[in-house]
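Worksheet: the structure to be examined is printed underneath.
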């Protein structure tokens with residue numbers, strides 16, 4: 001119930017205005033967001049690289065309805081990709097299609113994202129297309145398939161809680177384009193299309209990871225990033241990979257910025273390939289609310305800060 005309420009509030013313009021103007025909220029948001037400016041993000045990338053972690057950088061924004069805003073986001077991505085390359089930082093980028101104009105015009109969105117992927121290819125950097133709510137899965141996968149016809153430096157995200165995901169993943173593996181970040185899913189989806197039980201979702205994401213690490217999938221070029229902070233999940237996948245003599249540098253675990261910092265350090269010390277998803281930008285409110293919805297500990301952290309404790 002609480003998770004549903006927080007995700008609902010993430011779409012509220014009124015709550016967004018109140019939260020952005022509430023100093024404790026801005027302070028707590030900095031735990032999960034690198035900052036509002038590009039310079040903040042580049043500083044965080046350098047810090048994480050120095051720890052031994054790779055990064056995927058997300059310029060925050062979603063559900064854009066104005067082409068000018070979509071183009072502005074695209075230009076920001078192109079600029080930050082150039083600066084990442086110039087500074088030899090170990091980072092790619094992640095983006096949401098709804099921030100690139102998907103709800104305005106599909107072809108406009110495709111061409112906008114293609115520009116970013118093309119520049120990233122020149123700079124030898126990677127672009128990950130984030131998955132959004134279930135209504136956008138079909139078009140996201142369709143645009144991903146189009147991009148993969150010309151580029152191999154682009155991947156996509158699949159959400160384990162959706163009933164359809166196993167078939168979607170198998171289709172990408174069969175087509176030799178399964179460069180996938182597996183996540184549990186952070187949107188409020190109905191039980192008709194998404195599992196609600198935590199244990200079921202844990203088992204599903206482990207099964208999907210094992211699909212991607214199978215000899216058949218790897219022979220077809222599958223590359224997996226496991227986006228999970230759940231030690232039940234990633235410890236089981238680490239065990240599976242080790243027992244099957246899979247090169248630990250051929251796949252990676254991804255954490256969100258600001259979450260399980262000590263565990264990030266521990267895994268890095270054990271030689272696990274780690275990447276941190278680092279968001280930045282002024283449109284941090286929806287992302288921030290989803291982080292609060294995911295874990296009660298995040299919400300309690302926020303409430304203590306708001307109370308000045």
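The values are calculated or read from the model by the stated rules, or taken from the named source; none is laboratory data. All figures in this text were calculated on a predicted structure; none of them were measured in a lab. Note that each Cβ is placed from the backbone with ideal geometry, even for glycine, and that neighbours are counted across all protein chains shown.
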Counting only residues that are out of contact with any helix residue (DSSP H, G or I) (no Cβ under 7 Å at 6 or more places or on another chain) and over 27 Å from residue 194 (Cα atoms), which one in the stretch 125-151 is surrounded by the most Cβ atoms within 10 Å (Cβ to Cβ)?
148
Right, residue 70: under 15 Å from the mean Cα position of the chain (by Cα), part of a helix (DSSP H, G or I), on the phi < 0 side of the Ramachandran plot and assigned by TED's automatic domain parsing to the domain that holds residue 144 or not?
no
Condition test on residue 155, is it at pLDDT 95 or above, closer than 24 Å to residue 286 by Cβ and touching a strand residue (DSSP E or B) at 6+ places or on another chain (Cβ under 9 Å)?
yes
Of the residues in the stretch 214-227 that are assigned to a loop (DSSP other than H, G, I, E, B) and surrounded by fewer than 20 Cβ atoms within 10 Å (Cβ to Cβ), the one that is nearest to the chain's Cα centre (by Cα) is 221
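Yes/no per residue for (1) modelled with pLDDT under 95; (2) surrounded by 21 or more Cβ atoms within 10 Å (Cβ to Cβ):
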position: 241; (1), (2): no, no
position: 244; (1), (2): no, no
position: 254; (1), (2): no, yes
position: 263; (1), (2): no, no
position: 295; (1), (2): yes, no
position: 303; (1), (2): yes, no
position: 307; (1), (2): yes, no
Does residue 111 satisfy the condition of being farther than 21 Å from residue 33 by Cα and over 19 Å from the mean Cα position of the chain (by Cα)?
yes
Is there a residue in the stretch 30-39 that is buried (at least 19 other Cβ atoms within 10 Å of the Cβ), more than 16 Å from the chain's Cα centre (by Cα) and assigned to a helix (DSSP H, G or I)?
no
Give just the number: which of (1) closer than 13 Å to residue 134 by Cα; (2) buried (at least 20 other Cβ atoms within 10 Å of the Cβ) does residue 173 not satisfy?
(1)
For residue 181, indicate whether it is surrounded by fewer than 22 Cβ atoms within 10 Å (Cβ to Cβ) and either in contact with a strand residue (DSSP E or B) (Cβ under 7 Å, 6 or more places away or on another chain) or under 21 Å from residue 235 (Cβ atoms) (or both).
no
Which of the residues spanning the stretch 273-290 are part of a loop (DSSP other than H, G, I, E, B) and either loosely packed, with under 13 Cβ neighbours inside 10 Å or in contact with a strand residue (DSSP E or B) (Cβ under 6 Å, 6 or more places away or on another chain) (or both)?
273, 281
Is at least one residue of the stretch 129-146 in a helix (DSSP H, G or I) and farther than 28 Å from residue 188 by Cβ?
yes
Right, residue 89: assigned to a loop (DSSP other than H, G, I, E, B), in contact with a helix residue (DSSP H, G or I) (Cβ under 9 Å, 6 or more places away or on another chain) and within 19 Å of residue 134 (Cα to Cα) or not?
no
Among the residues of the stretch 165-194, which ones are assigned to a loop (DSSP other than H, G, I, E, B) and more than 20 Å from the chain's Cα centre (by Cα)?
175, 176, 190, 191, 192, 193
Yes/no for residue 116 being assigned by TED's automatic domain parsing to the domain that holds residue 179 and over 19 Å from residue 141 (Cβ atoms):
no
Filtered residue count, the stretch 228-270, keeping only those that are more than 30 Å from residue 35 (Cβ to Cβ), free of Cβ contacts under 8 Å to residues at least 24 places away in the same chain and part of a loop (DSSP other than H, G, I, E, B)
2
